[in-house]
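Written below as structure tokens is the structure these notes are about.
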Amino acid sequence: SDADNGTKPTSGPPPPPPLPTVEGLAGIEDLNPDPTILEVNLVARANTVPLFPGDETRLLNYNDSLPGPLLHARVGDRIIVHFRNEMNESTVVHWHGLRISDKMDGSPMIQNPVLPGETFTYDFVVPDAGTYWYHTHLHQIQQFEYGLYGGIVVHEKEAPAFTAERIFVGDDMRINSANQIAPFLTSGPDIGRGRIGNTLLVNGKVISGEGGEPVTFTIPRGSVERWRFVLATNALSYDLQIRGAEARVIATDGGLLPQPFPLDRVEIAPGQRFEFEVRPLPDADEVALEALILVLDENDNVVEMPFELARGTVEGEIEEAPAPEYPVVELPSTKVDAVTHSWALSGGVVDNEVQFTINGKAAFVGDTHEHVLIETFEPNVPVKIRLSSNVSPAHPFHIHGQFFQIIARNGQPVFEPGLRDTVYVRGAETATILSYFENPGRWMVHCHISEHSEKGMMADIQVG
Ligand code: C2O
Ligand code: CU
């Protein structure tokens, strides 16, 4: 008994150890003393940010921060978000990748949009460890470009130990000469392939162009770090690589992989996440996270350019960190008999208006936010879905509330391991995914490029 050492008997399990620190995004005050509950106030409102010398840029942000603050919890924790809309337009918040209840998912078909001045309390338990993010899901072409997104980290119950953990959120914005978000075009390539920015940002810092500098930090020799990357661009995909380190891919959208693999370069599409284990090379002076990005040169040729997103200066030395111990992860087998469904992703001009469609339906009707229900699935019955596109723009296709694995492209098996919630359909090709539909509810499925989803490539499915 504890009676003789003076401590009061306590009930319940011992408190969990503190969460590892994650560097890179603004923090948020936890209003709840219970270590298993993260309770926060989140406000969406107009904000100005000094992105460049001269005039500040007018944005819309969560808690006046670009990106919004990091929501940080442990798997199984409850998150309560008291959300207030202080903008002069309606909005909803979506928790991208979290397999929570559809009532809390930010679907405008289920949750009434939060009107200007109104509040909504999101309340859910985080079911899976991994790197996630949150963003607006209404008037998304504008609100998302204006900066309404933030990061989420959910740690494993027994999180592997690293020297340090960092999160990087990549974005692109189109900024005019007055340092403001450039006007939105309603035709041409901005609609066809989706609006692409002229300014690259990481964690809200401009990293491209004149005066742009990567996010910087120091990293002692001998470290092993965990880097999480979220791609919050609208339409740009990146090929990520890490220079000056031995790096491995350890996690995808849905958390840790059963088997990490060496990072050479890995393609990330809008909406997706990757995590890397990073160990500076013994003779490196710096470790850099780079993105190879297809951009137009002055002759309008598509060229691949490297951009430095983040740079760690190797400073000092610590005793060689032991290899992190990863929990055993088992993924459902991809060798199952599963029925194949087909979703055709397409686009065209109807009545002089560009429309994007799923199975021939422009499933989302402009400002009314009516999503057409395109399919109903049995819960827990694996299904293969062939996402085929006959048109050139790429579609990072996202299914809410579920995980899947990417098993083939154009009928050929591929090595794209790990649980995903977003698959990149790169122009005219077919990607086959195996989805498990473990989470009942009514779920949005859509292209993550805002112009595509808001012009029709967004629908609902029903699970159960
Ligand atoms: Cu990241 Cu439906 O969205
Ligand atoms: Cu698309």
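Which of the GluC sites (Glu not before Pro) found in region 308-366 are in a DSSP loop and have at most 12 neighbouring Cβ atoms, other than their own, within 10 Å?
Passing sites in region 308-366 are Glu319, Glu320, Glu325, Glu330.
Which one of Tyr238, Thr334, Ala44 is farthest out on the positive end of the charge dipole of the chain, using unit charges on Cβ (Lys, Arg +1; Asp, Glu -1) and the Cα centre as origin?
Thr334
Between Thr163 and Val381, 0.36 nm times their residue separation minus their Cα-Cα distance comes to what?
74.4 nm
Can you list residues whose amide H is under 5 Å from Gly255's amide H, if they're 5+ apart or on another chain and H is modeled 1.01 Å from N?
Here the answer is Thr131, since their amide H atoms fall under 5 Å of that of Gly255.
What length, rounded to one decimal in nm, is gained on full extension from Arg45 through to Thr119, with 0.36 nm per residue of separation minus their alpha-carbon distance?
25.4 nm
At 0.36 nm per residue, and after removing the present C-alpha to C-alpha distance, how many nm does the segment from Ser333 to Ser177 gain when stretched out fully?
50.9 nm
With no solvent and one point per C-alpha, what does the Debye sum give as log10 I(q)/I(0) for region 3-155 at q = 0.08, 0.16, 0.17, 0.21 Å⁻¹?
-0.26, -0.88, -0.97, -1.38
Could you tell me what percent of the DSSP beta bridges with both partners in the chain are antiparallel, to the nearest 5?
Beta bridges within the chain, antiparallel portion: roughly 75 percent.
Could you give the distance between the Cα centres of region 187-227 and region 410-429, to the whole Å?
Region 187-227 and region 410-429 have Cα centres separated by 24 Å.
Find me the longest stretch of the chain that has none of the exposed trypsin sites (Lys or Arg not before Pro), where exposed means in a DSSP loop (not H, G, I, E or B) with at most 10 other Cβ atoms within 10 Å.
Longest site-free region, per DSSP loop and neighbour criteria: 158-334.
Looking at the chain, which longest stretch skips every one of the chymotrypsin sites (Phe, Trp or Tyr not before Pro) that is in a DSSP loop with at most 16 other Cβ atoms within 10 Å, leaving the sites themselves out?
185-414
Over all directions, the average projected area of the alpha-carbon convex hull for region 419-464 comes to how many nm²?
That works out to 3.9 nm².
May I ask for the net charge around Ile219, where only other residues with Cβ less than 9 Å from the Cβ of Ile219 are counted and Lys, Arg are +1 while Asp, Glu are -1?
With Lys, Arg at +1 and Asp, Glu at -1, the net is -2.
From zero up to wherever the largest Cα-Cα distance of region 339-463 sits, split into 10 Å bins and tell me the percent of pairs in each.
14, 48, 32, 6, 0
Write down the radius of gyration of the chain and its Dmax, each obtained from C-alpha positions, in Å.
Rg, Dmax (Cα atoms, Å): 22.0, 83.
Considering all projection directions equally, how large on average is the shadow of the alpha-carbon convex hull of region 164-317, in square nanometres?
10.3 nm²
Estimate the FRET efficiency between Ser187 and Thr216 by the formula 1/(1 + (r/R0)^6), using the beta-carbon distance for r and 45 Å for R0, to the nearest 0.05.
0.65
Read the figures in this text as sums done on the coordinates, not as results from a lab. These numbers come from a predicted model, not from an experiment. We place every Cβ from the backbone using ideal geometry, glycine too, and count neighbours over all the protein chains shown.
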